[in-house]
Amino acid sequence: MTSLTRLKPLLTSSFSAVKFTSQGGEIIVTASAEQVEQQPEQPAQSRVRVAVKDNGIGIDPKDFCKLFKV
């Protein structure tokens, strides 16, 4: 099941990458599927890992805790 609570911040940060990357800059979005170890008597699950990399102005490392679990 997709968690919309987790998907919304990802999409927001992706659009921020576009906003703060100058013309001619680069934004790379990658996605991969991973099998999650199946627990007894539970349906099989997968996890989608999405990464956004850009060469925009960046985020000050002291502000990471405001955005991500570190």
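The values are calculated or read from the model by the stated rules, or taken from the named source; none is laboratory data. Here the structure is a predicted model, which is why all the values come from computation and not from measurement. Because the Cβ atoms are built from the backbone with ideal geometry, glycine has one as well, and the counts that use them run over all protein chains shown. These area figures cover heavy atoms from the full protein model, side chains too; ligands, DNA and RNA do not enter into them. Shrake-Rupley method; radii C 1.70, N 1.55, O 1.52, S 1.80 Å.
Residue check: is VAL18 under 11 Å from the mean Cα position of the chain (by Cα) and open to solvent by 80 Å² or more (accessible area, probe 1.4 Å)?
no
Cβ contacts < 9 Å: first residue aliphatic (A, V, I, L, M), restricted to the range 20-44; second residue in a loop (DSSP other than H, G, I, E, B), any location; separation 6+ or different chain. Result?
ILE27/THR21; ILE27/ASN55; ILE27/GLY56; VAL36/ALA44; ALA44/GLN38
Exactly one condition in (1) open to solvent by 80 Å² or more (accessible area, probe 1.4 Å); (2) in contact with an Asp or Glu (Cβ under 9 Å, 6 or more places away or on another chain) is not met by GLN35; state its number.
Tallying (1) open to solvent by 80 Å² or more (accessible area, probe 1.4 Å); (2) in contact with an Asp or Glu (Cβ under 9 Å, 6 or more places away or on another chain), GLN35 fails exactly one: (2).
Test VAL52 against the criterion of being surrounded by 10 or more Cβ atoms within 10 Å (Cβ to Cβ), in contact with a strand residue (DSSP E or B) (Cβ under 6 Å, 6 or more places away or on another chain), touching a residue at least 24 places away in the same chain (Cβ under 8 Å) and among the aliphatic types (A, V, I, L, M), and give yes or no.
When the stated conditions are applied, VAL52 passes them.
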